[in-house]
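The values are calculated or read from the model by the stated rules, or taken from the named source; none is laboratory data. Just so we're clear, the structure is a prediction, and the values are computed from it rather than from any experiment. With ideal geometry, Cβ positions are generated from the backbone for all residues, glycine too; neighbour counts draw on all protein chains shown.
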Amino acid sequence: MTQICRGDPLLALPLGPLIVDIAGLRLTNSDREILQHPLVGGIILFSRNYQSRTQLIELTTQIKQLRSPELLIAVDHEGGRVQRFQTEFIRLPPIEEFGALYETDPAAALTAAQMSAYTMASELRSSGVDLSFAPVIDLNKKINNALVGGRAIHPDPDIVIAVARAYIAGMHQAGMSATAKHFPGHGSITVDPHVGIPRDPRHFADIENADLIPFKKLVPDLQAIMSAHIIFPEVDAQYPATLSHIWITNILREKLGFKGMIFSDCLSMAGVAKLVPDPVQRVQLAFAAGCDMALLCNDRSAVERVVESCVVPENSQLAERIELMRRFKK
């Protein structure tokens with residue numbers, strides 16, 4: 001870790017490794033100060049930040065004018081119950097509909113998935129948003145999964161791969177990078193990490209032969225992967241995947257050979273925050289595990305503590321990976 005504070009001449013990266021949020025429809029002076037901090041490299045928008053297409057374009061324009069290179073602007077805009085912008089945007093179906101359609105008409109399902117993703121990415125990019133954290137490639141095991149549910153494609157990994165590949169192609173066609181989530185797979189647990197820490201008791205071989213298959217097969221198609229806050233005691237009994245060097249570096253980077261951006265899921269979720277109460281330590285653990293960028297949302301005091309710590313990882317590839325996410329070129 002390296003100490004880098006505002007104005008430090010040793011600052012090596014044009015943008016930092018934190019993705020943060022704002023409370024309202026427009027930037028406040030406090031927002032501008034946080035977003036201009038060297039540790040910040042991006043912002044994630046929520047429904048509370050949206051009123052109309054005109055307002056969104058004004059907001060994203062203001063954000064882009066703050067920094068050079070521009071901050072990465074992201075959103076969760078998958079369709080179904082997770083679509084942050086709705087008024088004046090096309091309402092997108094949940095991705096599980098394409099998995100269900102694939103069972104009876106694979107060609108139609110792949111076409112529909114690609115068209116939906118193209119529509120999503122085109123509308124966002126025309127509004128100044130760089131990427132949506134999509135698609136979800138967790139296995140949809142039809143259990144009472146509070147986090148995933150209809151956000152996932154299908155229980156069959158092969159169908160997940162086929163539909164996700166078409167969806168990713170649609171995003172690429174619109175010039176948007178794809179971010180698969182939630183590594184190594186959120187489909188087998190019912191606890192929502194927003195409120196608790198999920199634990200999956202399976203051995204690695206069982207995970208590798210099921211949930212990991214889509215991640216492994218889609219590595220060549222992906223520019224980014226987002227981690228999951230799940231503890232797999234048989235693999236790493238101490239930390240959830242997001243904070244685990246075993247999962248992020250040893251398995252995702254080395255075993256699966258993934259070379260793109262790795263985003264943490266939001267480190268303000270109650271489960272991981274209860275496990276590691278200090279937000280500075282939480283962020284440092286995510287970086288030490290191998291995450292490139294850490295999301296820290298819905299907790300401005302935690303963001304302030306982290307940026308005041310002035311500690312960032314040395315990551316020579318971060319600038320290149322941010323630029324790819326911000327301006328994808330096939």
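Observations on the structure shown:
- Contacts under 6 angstrom Cβ, first residue in the range 216-229 being touching a residue at least 24 places away in the same chain (Cβ under 8 Å), partner among the acidic types (Asp, Glu), 6 or more apart: Met226/Asp265; Ser227/Asp265; His229/Asp265
- In the range 208-237, of all residues being assigned to a helix (DSSP H, G or I) and touching a Pro at 6+ places or on another chain (Cβ under 6 Å), the one that is farthest from Val163 (Cα to Cα) corresponds to Leu212.
- Of all residues making up the range 273-302, the number that are within 20 Å of Phe46 (Cβ to Cβ), surrounded by fewer than 23 Cβ atoms within 10 Å (Cβ to Cβ) and not basic (Lys, Arg): 7
- If you go through the range 83-103 and keep only what is among the aliphatic types (A, V, I, L, M) and in contact with a strand residue (DSSP E or B) (Cβ under 7 Å, 6 or more places away or on another chain), you end up with Leu92, Ile95.
- The number of residues in the range 147-165 that are surrounded by fewer than 24 Cβ atoms within 10 Å (Cβ to Cβ) and either out of contact with any Asp or Glu (no Cβ under 6 Å at 6 or more places or on another chain) or modelled with pLDDT of 95 or more (or both) comes to 9.
- Any hit, the range 309-321, residues being in a helix (DSSP H, G or I) and in contact with a His (Cβ under 8 Å, 6 or more places away or on another chain): no
- Search result, residues across the range 170-213 that are modelled with pLDDT of 95 or more, within 17 Å of Ala237 (Cβ to Cβ) and surrounded by 22 or more Cβ atoms within 10 Å (Cβ to Cβ): Pro184
- Close pairs from the range 109-130: first in contact (Cβ under 8 Å) with a residue 60 or more places away in the chain, partner aromatic (Phe, Trp, Tyr), Cβ under 9 Å, at least 6 apart: Ser127/Phe85; Ser127/Phe89; Val129/Phe85; Asp130/Phe328
- Considering residues of the range 103-138 that are acidic (Asp, Glu) and not in a helix (DSSP H, G or I) only, the residue nearest to Ala228 (Cα to Cα): Asp138
- Among residues of the range 27-51 being in a loop (DSSP other than H, G, I, E, B) and exposed (fewer than 13 other Cβ atoms within 10 Å of the Cβ), the one that is modelled with the lowest pLDDT is Gln36.
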